[in-house]
Amino acid sequence: DAGVTQSPTHLIKTRGQQVTLRCSPISGHKSVSWYQQVLGQGPQFIFQYYEKEERGRGNFPDRFSARQFPNYSSELNVNALLLGDSALYLCASSLNPGDSNQPQHFGDGTRLSIL
Amino acid sequence: GENVEQHPSTLSVQEGDSAVIKCTYSDSASNYFPWYKQELGKGPQLIIDIRSNVGEKKDQRIAVTLNKTAKHFSLHITETQPEDSAVYFCAAVSNTGKLIFGQGTTLQVKP
């Protein structure tokens, strides 16, 4: 079975631009979460979606937004890119976030570089 | 706020030796504690997890212990091999399902 898939794998943008990152969860998983991982640090929570509704939001500015589609895939959008947005963006899927014991499985991420 | 502290930040062991990584968490409502291994250019891979109603769990060479009273949990890797070299992250899950990660431990296993 396919794991969590993310696209693109790498992306280079300039300051002020906008970017859309995509994620397909493991088949049968209905929840998708997004994390930002800056080099040398642990991932930081950005969003969690379940059944197309936002279930949680981390401490990120409004430039960050996301949505989940009927097939449970998800997109993360970042507007007005800043140099500090350079990071690895990770997507994780789980069965149901209502059960906090459900393991979250990660994709290999999108490496975003801002010039 | 919610916080997970992880130590050490780097760990170097000889092949065959044991490695121990320790974490503490702040949110007493946390009830699920996964451990992830991240290799270069890859996403975090779940290697073992423990739930709050269990004090210890073992899977072959990997074991995790949990002390809820002290808010401590640890990862133990025995008979380390060069392929165990990676960055390891502990995490605690809040009752909202959000993962709070530690800062990571870079493990180097020398042949």
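Screening residue B:97 against (1) within 14 Å of chain A (Cβ to nearest Cβ); (2) at negative phi; (3) of a type outside the set (Ser, Thr, Tyr) leaves a single unmet condition, (2). Considering the range A:1-101, the qualifying strands (runs of 3 or more DSSP E), each wholly inside and each with 2 or more residues that are more than 9 Å from chain B (Cβ to nearest Cβ) and out of contact with any strand residue (DSSP E or B) (no Cβ under 6 Å at 6 or more places or on another chain), run over A:53-57. Residue A:58 meets the conditions (1) touching a Phe, Trp or Tyr at 6+ places or on another chain (Cβ under 9 Å); (2) modelled with pLDDT under 95; (3) farther than 27 Å from residue B:104 by Cα; (4) not hydrophobic (A, V, I, L, M, F, W, C) in every case but one. The failed one is (3).
The values are calculated or read from the model by the stated rules, or taken from the named source; none is laboratory data. Please read these numbers as outputs of a predicted model, since none were measured by experiment. Using ideal geometry, Cβ is built from the backbone for each residue, glycine included, and neighbour counts are taken over all protein chains shown.
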